[in-house]
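Data first, discussion second: the structure below is written as structure tokens.
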2 protein chains.
Amino acid sequence: MRYMGLLHTYKQYLPVNANTPMLTLQEGNTPLIHAENLSNELDLDIYFKYEGLNPTGSFKDRGMVMAVAKAMEEGSRTIMCASTGNTSAAAAAYAARGGLNCIVLIPNNNIALGKLAQAIIYGAKVIAIEGNFDRALEIVREITAKHPITLVNSVNPFRIEGQKTAAFEVVDQLGKAPDYLAIPVGNAGNITAYWKGFKEYHAAGKALTLPKMIGFEAEGSAAIVRGEPIAEPETVATAIRIGNPATWKGAVAAAQDSGGQINYVTDEQILHAYKTIASREGIFAEPASAASIAGVMKLKKEGHFEKGQTVVCVLTGHGLKDPNIAIKSVKAEPMVVKDSEAAVMDAIQRLQG
Amino acid sequence: MRYMGLLHTYKQYLPVNANTPMLTLQEGNTPLIHAENLSNELDLDIYFKYEGLNPTGSFKDRGMVMAVAKAMEEGSRTIMCASTGNTSAAAAAYAARGGLNCIVLIPNNNIALGKLAQAIIYGAKVIAIEGNFDRALEIVREITAKHPITLVNSVNPFRIEGQKTAAFEVVDQLGKAPDYLAIPVGNAGNITAYWKGFKEYHAAGKALTLPKMIGFEAEGSAAIVRGEPIAEPETVATAIRIGNPATWKGAVAAAQDSGGQINYVTDEQILHAYKTIASREGIFAEPASAASIAGVMKLKKEGHFEKGQTVVCVLTGHGLKDPNIAIKSVKAEPMVVKDSEAAVMDAIQRLQG
């Protein structure tokens, strides 16, 4: 039996009607992987929701399939966003799939082409403006308000509708809601979407309980924790390097209403978690993703959690999304030895110390 | 209901017994995506088996989970391979997951660290020898023959056992065997594995028919098509740049027994297909993957296929595996304009011509 994608699978919970095209790249249906080693170590029952296995490599596909399907339903022929990363890749992929044009607006300040290559391969047209990112988003809003072009940045409300399906999947896979849902917080749309999803599934009788939502910003861009926007956010976790979250209120509400919290983790804690989940659990996620498990490690040290509680950590994107961080994080040079069995065996013994 | 991975799902068809650990990163269960645009264009019913959505980003996870589980069952504490690419990433991930050591042997000749960073992040130890790749494989064979270290290169027979599950999934998803299975051919283990899988599922009554197996080498490494090993294979599709396929006979048998063929495609045809599936279908696969659909396009031009026949094209790895090819393939510089609505609208109109 073939999985038919999010719009089909969860249509009764989504703004899907007879005129909505059943657009899909078979997004969603991502693994919920039990973290055996970390569960033992932290005396918890930890799972990773591995969103890096969405088609374009990040959770953004969930919201984008909904946003682009609605754009098609409304007769739009072009979508547009300001983005230098995962959003542009997802927008471009679904535009390609649906036969729409995709325009990506970026600031013209040393954007690494590698970050945009994925969107361009999918056929997006990239325009750089002589201005910063905020100005790019402003222009996207102006243009999409006046022309028959659909805005697909996170202010598009269908994005959160699509993203909430990840909460449905967690409940379907686990057979219940977890005690805690740990999630990286950047623009704060995703924690808002998960909370909406858990509440809707709960209301529909699909889950008897609700999780506590625990969101983690990076220290250098912890606007919500500090209580004020950050003019120049800085963190190694580029996907959550956001100084003024678009869905600030949604994140605060999710934390408060669920009895959870918004907290922060340092870059050091993020990189430690990033390497730990790869080398201990075999899961490669982009640095921003690791903020969720880094946060759980931090709270555990501070005495949170009861023994054996179920914690689902959202890993938002695949590690292959940011190969440069991977290269920087590993010891650069392999050991070089003679091409003999003895020399290699000797090297193995030294490496295993 | 949670997907439990390949060893659990297909245990009755695999060398799994009560002592085999149920190792998994939830490999497999990958999308079978209908290619709507290309199907119309080629008058065929084309699907992509998108193996890039395996946990480490390539089909290698299927064979590796089986090989590493059997190594654990046998009490091995260390696995070893000669590899500079997808095999080392898969080996390292499953070793991490299973708590084993992983040693990767490579030639010391300008291997790009990016290709190895994934394996290193998963915790593999990399040793470079003063010799070429063939010599590295030779030493791996010597060492694993004498020491309690398990070889996980493609000569490990459990690799093909795990890989054959992709054929099971194709039948389960499609509800039948396709008319054709199109697949890139490098080391030739994968075409051999699919054919074994289709035959076993057919024998078990799970599919009434068998597909014709059509395998495609890259022109610069088309050893099987030419009928002799190629000393210095060259192609943009690095994952199939192999001059002397390890499973040569298996590939020939699959083609002959199924009434299919082994053919080749040029680098130009590969890159054309690579860009076409991204921009027309929204699917980003590594260049080697595109050899399958490039081959179908080539055979179609030569008059093969009947109208409406079902063709499944295997896309072996995710496009994010080879970001440099993506960057090289796209027009490098975005259009730069003033930061005004009018300037951006003008640019959009020019781009959409």
List the number of the failed condition for A:D179; all other conditions in (1) crowded, with 23+ Cβ neighbours inside 10 Å; (2) in contact with a strand residue (DSSP E or B) (Cβ under 8 Å, 6 or more places away or on another chain) hold. (1)
Taking the residues in the range A:80-111 that are more than 9 Å from chain B (Cβ to nearest Cβ) and without any contact (Cβ under 8 Å) to a residue 60 or more places away in the chain as candidates, determine which candidate is nearest to A:M22 (Cα to Cα). A:L100
Quick test of your reading of the structure: B:K70 fulfils all but one of (1) crowded, with 20+ Cβ neighbours inside 10 Å; (2) within 24 Å of A:F48 (Cα to Cα); (3) touching a residue at least 24 places away in the same chain (Cβ under 8 Å). Name the failing condition by number. (2)
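Would you confirm whether or not the range A:256-264 contains a residue that is buried (at least 16 other Cβ atoms within 10 Å of the Cβ), touching a residue at least 24 places away in the same chain (Cβ under 8 Å) and in contact with an Asp or Glu (Cβ under 6 Å, 6 or more places away or on another chain)?
Here is the first cut: in the range A:256-264, the residues buried (at least 16 other Cβ atoms within 10 Å of the Cβ) are A:258, A:260-264.
Filter again for touching a residue at least 24 places away in the same chain (Cβ under 8 Å), leaving A:258, A:260-264.
Now drop any that are not in contact with an Asp or Glu (Cβ under 6 Å, 6 or more places away or on another chain), which leaves A:264.
So far as the range A:256-264 goes, yes, one or more of its residues are buried (at least 16 other Cβ atoms within 10 Å of the Cβ), touching a residue at least 24 places away in the same chain (Cβ under 8 Å) and in contact with an Asp or Glu (Cβ under 6 Å, 6 or more places away or on another chain).
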Search the range B:149-166 for residues being assigned to a loop (DSSP other than H, G, I, E, B) and touching a Ser or Thr at 6+ places or on another chain (Cβ under 8 Å), and hand back the single one that is farthest from B:G259 (Cα to Cα). B:I149
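Give the residues of the range A:327-336 that are free of Cβ contacts under 8 Å to residues at least 12 places away in the same chain and of a type in the set (A, V, I, L, M), sorted by residue number. Quick ask: steps written out before the conclusion?
Step one: filter the range A:327-336 for residues free of Cβ contacts under 8 Å to residues at least 12 places away in the same chain, giving A:327-328, A:330-334, A:336.
Across the range A:327-336, the qualifying residues are A:I327, A:V330, A:A332, A:V336.
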Read through the list (1) at pLDDT 95 or above; (2) more than 14 Å from chain B (Cβ to nearest Cβ), then give the number of the only condition that A:K146 fails. (2)
Residue list for the range A:134-190, filter: farther than 24 Å from A:A253 by Cα and of a type in the set (F, W, Y): none
Determine which single condition B:V236 fails, assuming it passes every other condition in (1) surrounded by fewer than 20 Cβ atoms within 10 Å (Cβ to Cβ); (2) farther than 21 Å from B:K164 by Cβ; (3) at pLDDT below 95; (4) of a type outside the set (S, T, Y). (1)
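Could you tell me whether the range A:323-345 includes any residue that is assigned to a strand (DSSP E or B) and either of a type in the set (K, R) or more than 10 Å from every other protein chain (Cβ to nearest Cβ) (or both)? Full working, then the answer.
Our first condition is that a residue be assigned to a strand (DSSP E or B); within the range A:323-345, this holds for A:335-337.
Now narrow it down to the ones that are either of a type in the set (K, R) or more than 10 Å from every other protein chain (Cβ to nearest Cβ) (or both): none.
The answer is no, given that none of the residues of the range A:323-345 is assigned to a strand (DSSP E or B) and either of a type in the set (K, R) or more than 10 Å from every other protein chain (Cβ to nearest Cβ) (or both).
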Do we have any residue at all in the range A:184-199 that's surrounded by fewer than 24 Cβ atoms within 10 Å (Cβ to Cβ), more than 30 Å from B:R350 (Cα to Cα) and within 14 Å of chain B (Cβ to nearest Cβ)? no
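Where residues in the range A:127-136 are touching a residue at least 24 places away in the same chain (Cβ under 8 Å) and within 8 Å of another protein chain (Cβ to nearest Cβ), which of them is nearest to the chain's Cα centre (by Cα)? Lay out the reasoning, then the answer.
Just the residues of the range A:127-136 that are touching a residue at least 24 places away in the same chain (Cβ under 8 Å), to begin with: A:127, A:129, A:131-133, A:135-136.
Then drop every residue that is not within 8 Å of another protein chain (Cβ to nearest Cβ), which leaves A:127, A:129, A:131, A:135-136.
Details: A:I127: 25, A:I129: 26, A:G131: 26, A:R135: 24, A:A136: 22 Å.
Per the criteria, the residue is A:A136.
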When you check B:G205 against the structure, is it out of contact with any helix residue (DSSP H, G or I) (no Cβ under 9 Å at 6 or more places or on another chain), in the same structural domain as B:S289 (by the TED database) and not hydrophobic (A, V, I, L, M, F, W, C), yes or no? yes
Sole residue being of a type in the set (S, T, N, Q) and closer than 15 Å to A:Y47 by Cα, chosen from A:S329, A:S279, A:S289: A:S289
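Residues in the range A:167-175: is at least one more than 26 Å from B:Y3 (Cβ to Cβ) and part of a loop (DSSP other than H, G, I, E, B)? Working first, answer last.
Pass one, the range A:167-175, residues more than 26 Å from B:Y3 (Cβ to Cβ): none.
No, the range A:167-175 contains no residue that is more than 26 Å from B:Y3 (Cβ to Cβ) and part of a loop (DSSP other than H, G, I, E, B).
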Considering only the range B:52-68, how many residues are among the polar types (S, T, N, Q) and under 14 Å from B:G189 (Cβ atoms)? 1
Hey, does the range A:297-314 have a residue that's more than 10 Å from chain B (Cβ to nearest Cβ), out of contact with any His (no Cβ under 8 Å at 6 or more places or on another chain), part of a helix (DSSP H, G or I) and free of Cβ contacts under 8 Å to residues at least 12 places away in the same chain? yes
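Among the listed residues A:K206, A:K249, which satisfies the condition of being surrounded by fewer than 24 Cβ atoms within 10 Å (Cβ to Cβ), more than 20 Å from the chain's Cα centre (by Cα) and of a type in the set (D, E, K, R)?
Numbers: A:K249 fails: more than 20 Å from the chain's Cα centre (by Cα).
After applying the criteria, what remains is A:K206.
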So how many residues does the range B:112-126 have that are more than 7 Å from chain A (Cβ to nearest Cβ) and either at pLDDT 95 or above or in contact with a helix residue (DSSP H, G or I) (Cβ under 7 Å, 6 or more places away or on another chain) (or both)? 3
Filter the range B:1-30 for residues that are more than 13 Å from chain A (Cβ to nearest Cβ) and of a type in the set (F, W, Y); the one that is farthest from B:I160 (Cα to Cα) is B:Y10
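Among A:A136, A:A92, A:A119, which is more than 27 Å from B:H34 (Cα to Cα) and small (G, A, S)?
Going through A:A136, A:A92, A:A119 in turn, just one is more than 27 Å from B:H34 (Cα to Cα) and small (G, A, S): A:A136.
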Within the range B:31-63, work out how many residues are crowded, with 24+ Cβ neighbours inside 10 Å and under 13 Å from B:A166 (Cα atoms). 14
Failed criterion for B:G282 (all others in (1) free of Cβ contacts under 8 Å to residues at least 60 places away in the same chain; (2) on the phi < 0 side of the Ramachandran plot; (3) under 20 Å from the mean Cα position of the chain (by Cα) hold): (2)
Limited to the range A:202-213, what total is found for residues that are without any contact (Cβ under 8 Å) to a residue 40 or more places away in the chain and not charged (D, E, K, R)? 6
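Residues B:K49, B:K11: which one is of a type in the set (K, R), without any contact (Cβ under 8 Å) to a residue 12 or more places away in the chain and not assigned by the TED database to the domain that holds B:K146?
On the way: B:K49 fails: without any contact (Cβ under 8 Å) to a residue 12 or more places away in the chain.
On inspection, the qualifying residue turns out to be B:K11.
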In the range A:265-292, how many residues are β-branched (V, I, T), more than 11 Å from chain B (Cβ to nearest Cβ) and surrounded by fewer than 24 Cβ atoms within 10 Å (Cβ to Cβ)? 1
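The values are calculated or read from the model by the stated rules, or taken from the named source; none is laboratory data. Everything quoted here is computed from the prediction, not taken from an experiment. A quick note on method: Cβ atoms are made from the backbone with ideal geometry, for glycine too, and the neighbour counts reach across all protein chains shown.
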